[in-house]
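The values are calculated or read from the model by the stated rules, or taken from the named source; none is laboratory data. The model shown is predicted, which means the values in this text are computed figures rather than measured ones. Cβ: placed from backbone, ideal geometry, glycine included. Neighbour counts: every protein chain shown. For accessibility, only protein heavy atoms count, side chains too; no ligands or nucleic acids. Shrake-Rupley method; radii C 1.70, N 1.55, O 1.52, S 1.80 Å.
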Amino acid sequence: MNIKKHIPNTITLLNLFCGCIALVFVSNDRFEMAFYFVCLGIFLDFFDGFFARLFNVSGALGLQLDSLADMVTSGVVPGFVMYKMMQSSSVYMNEGWLQYFPYLGFIITLGSCFRLAKFNIDTRQTDSFIGLPTPANALFILSLPLVKEYYSEESLMVLEILTEKWVLLLIALFSAYILNAEIPLFSLKIKKINFKDNLLQIVFLAISVLMLFSLHYLGVTLVIVFYVLLSVINNKFLKN
């Protein structure tokens, strides 16, 4: 029995397991623990592909498992988080159609599903991305309730923005859009060992580390926004 060929798929299933645990934490409004388990799932998601290439055991089964696991960890979980945030923002609006408003949070899940299906058949995304990857989007969405919790005392504006149901709906709609938008986003992979060819990645990583250490959960939100904006600037002004 060749144990090596089962290692990548086992790691993928652990990613799925992390997503399932995150769902339980979200259902109990424990968003911080959900965030950590999604981070762990995304970390495992990176290494399943790494080990598949290392052991030369890449295959159709692994590709399908990877997408199905990501659908939970980076698709269902952020949709559920947005549902819970909308539910909290609509606590006094439990009559008529507004009682169903929080379900619109799952627009993120629908957008993630469409994105993952497109990615599996899109041959253009081998070295870079077109549209925001689902893990990055998941981190952005899961950071929002943490920003609300930890920064609302310092800034009433943050609390007002992240408890306004229409703002949350706009975030959900934009999330589904940016996942599937025809916007090329630069890859973080280092292909050549020289400073010039990796300047964009180095600048992004350096600024991201500073934001994460100085702003914590708000830094996560801003890093994802910065990644998209820097990619747009790169496409428009910096690419040869």
Any idea which of (1) modelled with pLDDT under 95; (2) open to solvent by 40 Å² or more (accessible area, probe 1.4 Å) is the one residue 12 doesn't satisfy? (2)
Kindly provide the set of residues from the stretch 116-143 that are closer than 14 Å to residue 79 by Cα and open to solvent by 10 Å² or more (accessible area, probe 1.4 Å), ordered by number. 135, 136, 139, 140
Give the number of residues within the stretch 154-171 that are at pLDDT below 85 and among the charged types (D, E, K, R). 2
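When you look at residue 222, is it aliphatic (A, V, I, L, M) and either over 17 Å from residue 138 (Cβ atoms) or touching a residue at least 12 places away in the same chain (Cβ under 8 Å) (or both), yes or no? Walk me through how you get there before you give the answer.
Details: aliphatic (A, V, I, L, M): yes; either over 17 Å from residue 138 (Cβ atoms) or touching a residue at least 12 places away in the same chain (Cβ under 8 Å) (or both): no.
Considered against the rule, which asks whether it is aliphatic (A, V, I, L, M) and either over 17 Å from residue 138 (Cβ atoms) or touching a residue at least 12 places away in the same chain (Cβ under 8 Å) (or both), residue 222 comes out as no.
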Filter the stretch 144-153 down to the residues that are farther than 15 Å from residue 225 by Cβ and either surrounded by 14 or more Cβ atoms within 10 Å (Cβ to Cβ) or in contact with a helix residue (DSSP H, G or I) (Cβ under 8 Å, 6 or more places away or on another chain) (or both), then identify the one that is modelled with the lowest pLDDT. 152
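Can you tell me which residue in the stretch 206-225 is farthest from residue 132 (Cα to Cα), limited to those that are small (Gly, Ala, Ser) and out of contact with any Phe, Trp or Tyr (no Cβ under 9 Å at 6 or more places or on another chain)? Let's see the steps before the verdict.
Narrowing the stretch 206-225 to residues small (Gly, Ala, Ser): 206, 208, 214, 219.
Pick out the ones that are also out of contact with any Phe, Trp or Tyr (no Cβ under 9 Å at 6 or more places or on another chain) and you get 206, 214.
Values: 206: 20, 214: 24 Å.
So, considering only residues that are small (Gly, Ala, Ser) and out of contact with any Phe, Trp or Tyr (no Cβ under 9 Å at 6 or more places or on another chain), the one farthest from residue 132 (Cα to Cα) is 214.
Yes/no per residue for (1) closer than 27 Å to residue 115 by Cα; (2) out of contact with any Asp or Glu (no Cβ under 8 Å at 6 or more places or on another chain); (3) open to solvent by 30 Å² or more (accessible area, probe 1.4 Å); (4) at pLDDT below 95:
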position: 173; (1), (2), (3), (4): yes, yes, yes, no
position: 177; (1), (2), (3), (4): yes, yes, yes, no
position: 190; (1), (2), (3), (4): yes, yes, yes, yes
position: 193; (1), (2), (3), (4): no, yes, yes, yes
position: 211; (1), (2), (3), (4): no, yes, yes, yes
position: 226; (1), (2), (3), (4): yes, yes, yes, yes
Out of the residues in the stretch 15-36 meeting the condition of being of a type in the set (D, E, K, R) and not in a helix (DSSP H, G or I), tell me which one is most open to solvent (accessible area, probe 1.4 Å). 30
